[in-house]
Structures are given as C-alpha cells and as structure tokens.
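Q: I'd like to ask some things about the structure below.
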Amino acid sequence: MANQIARNLALDEDPVGAVAAHIRAYWSPRMIDGLRRQSDAVLEPVAAAAIAGLEPTHG
C-alpha cells in the first residue's frame, strides 16, 4: 500500500512529505512498524524515504 500511495502522490510538490503525512495520519503504529521491517528493495524510493523520516512509533 505504501508504494501505491507513493505513486499517487508522486506529482505532489513534496512527495516524500506527502506520503509521510498520509502514513502518520491514517496508519496505526503497528502498520508503520511493519513498514519499517520491509526491505528498501521492496519499497519505491519515495515510500522508503517517507518511512525513513517518520518518528519512531510508541505504543
């Protein structure tokens, strides 16, 4: 799903920031932690950069 969001927001002024904002707003900490365990090879560059820039989840 993160890759789909990254593709949909690719033309945003700040695609990495837009993907990160979407993930922070709509994804649970458990989902975010699952994304962090994904290899960057599985994630598109924008999605990987967005996830790398997220604050650690607590909970």
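Coordinate-derived values only; no laboratory data. Here the structure is a predicted model, which is why all the values come from computation and not from measurement.
Q: Can you match Rg and Dmax of the Cα atoms in Å to one of these, (i) 10.9, 34; (ii) 10.4, 33; (iii) 12.1, 35, based on a calculation from the structure here?
A: Only one option fits the structure, namely (ii).
Q: Evaluate the relative contact order of the chain (contact order divided by residue number), counting alpha-carbon pairs under 8 angstrom at least 6 apart; express in whole percent.
A: 45 percent
Q: Calculate how steeply helix 15-26 sits against the longest principal axis of the alpha-carbon atoms of the chain, using the helix alpha-carbon long axis, and give the answer as 0 to 90 degrees to the nearest 10.
A: 40 degrees
Q: Then there is this: Quick check on the chain: helices-only [θ] at 222 nm, where DSSP H runs of length 4 and up contribute -39,500 (n - 2.57) each and the sum goes over total residues. Nearest 500, please.
A: -16500 deg cm²/dmol
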